[in-house]
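This report refers to the structure that appears directly beneath it.
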Amino acid sequence: QVQLVESGGGLVQAGGSLRLSCAASGRASSRYSMGWFRQAPGKERDFVAAISWSGTITYYADSVKGRFTISRDNAKNTVHLQMNSLNSEDTADYYCAARDGVWSTRIYDYNYWGQGTQVTVSS
């Protein structure tokens, strides 16, 4: 079992930045591929970014490419999502997820999920 706890969400003005963190605990959590997803009100949960267990491979949704950066610190069992140039379309609940396998953009490939952290961007 892997437990995931997100933090760092909040209210930010358009054009601002936030850094989300995901603390992982449990069995061999540093060996899992990690992903960030988000879900806006009334919409489906969408892929945002993913990172391989080693941190050498990252992948982003087109909507955040160039603005968001995913990173991980395996010594601290944490994953971060640095979000810059935020706009109102980034408003959503953000979820951290872990996968016991190769990184993926698909929701159903992930085995473990956090409870989410809310990000609100005011225009």
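The values are calculated or read from the model by the stated rules, or taken from the named source; none is laboratory data. In this text the structure is predicted, and so the values were computed from the model without any measurement. Methodologically, a virtual Cβ is constructed for each residue, glycine included, from the backbone with ideal geometry; neighbour enumeration extends over all protein chains shown. What goes into the accessible areas is simple: the full protein's heavy atoms, side chains included, and nothing from ligands, DNA or RNA. Shrake-Rupley method; radii C 1.70, N 1.55, O 1.52, S 1.80 Å.
The 3J(HN,Hα) values that the Karplus relation (6.51, -1.76, 1.60; θ = phi - 60°) gives for the stretch 98-109 are, in residue order, 10, 10, 8, x, 5, 4, 8, 9, 9, 4, 6, 7 Hz. Gly and Pro appear as x. Compute a Gaussian network model of the chain, connecting alpha carbons closer than 10 Å, and tell me which residue from S71, S88, S52 fluctuates the most. The residue with the greatest mean-square fluctuation here is S88.
Around the amide H of G116, modelled in the peptide plane, lie the amide H atoms of E6, C96, all under 5 Å away and 5 or more residues distant in sequence or on another chain. Listed values for the stretch 3-14 are Karplus-derived 3J(HN,Hα) couplings in whole Hz (6.51 cos²θ - 1.76 cosθ + 1.60, θ = phi - 60°), namely 10, 10, 10, 8, 7, x, x, x, 9, 9, 6, 4, and x replaces Gly and Pro. Expressed per residue, the C-alpha convex hull volume of the stretch 51-123 stands at 104 Å³.
For the pair A75 and S104 in one chain, pulling the backbone fully straight at 0.36 nm per residue adds 8.2 nm over the alpha carbon distance.
Across all directions, the average flat footprint of the convex hull enclosing the Cα atoms of the chain is 6.7 nm².
Which net charge results for the neighbourhood of T58, defined as the other residues with beta-carbon distances under 13 angstrom from its beta-carbon, given Lys and Arg at +1 and Asp and Glu at -1? Write down the numbers at each step before the final one.
Values: positive: K65, R72; negative: none.
Local net charge: +2.
Once the convex hull of all Cα atoms in the stretch 2-45 is built, its volume per residue stands at 106 Å³.
For the chain, report the accessible area per residue in Å² (1.4 Å probe, heavy atoms, rounded to an integer). Each step should come with its number before you reach the end.
Working: 6450 Å² over 123 residues.
I get 52 Å² per residue for the chain.
Of the solvent-accessible surface of the chain, computed with a 1.4 Å probe over protein heavy atoms with every protein chain present, carbon and sulfur atoms account for 45 percent.
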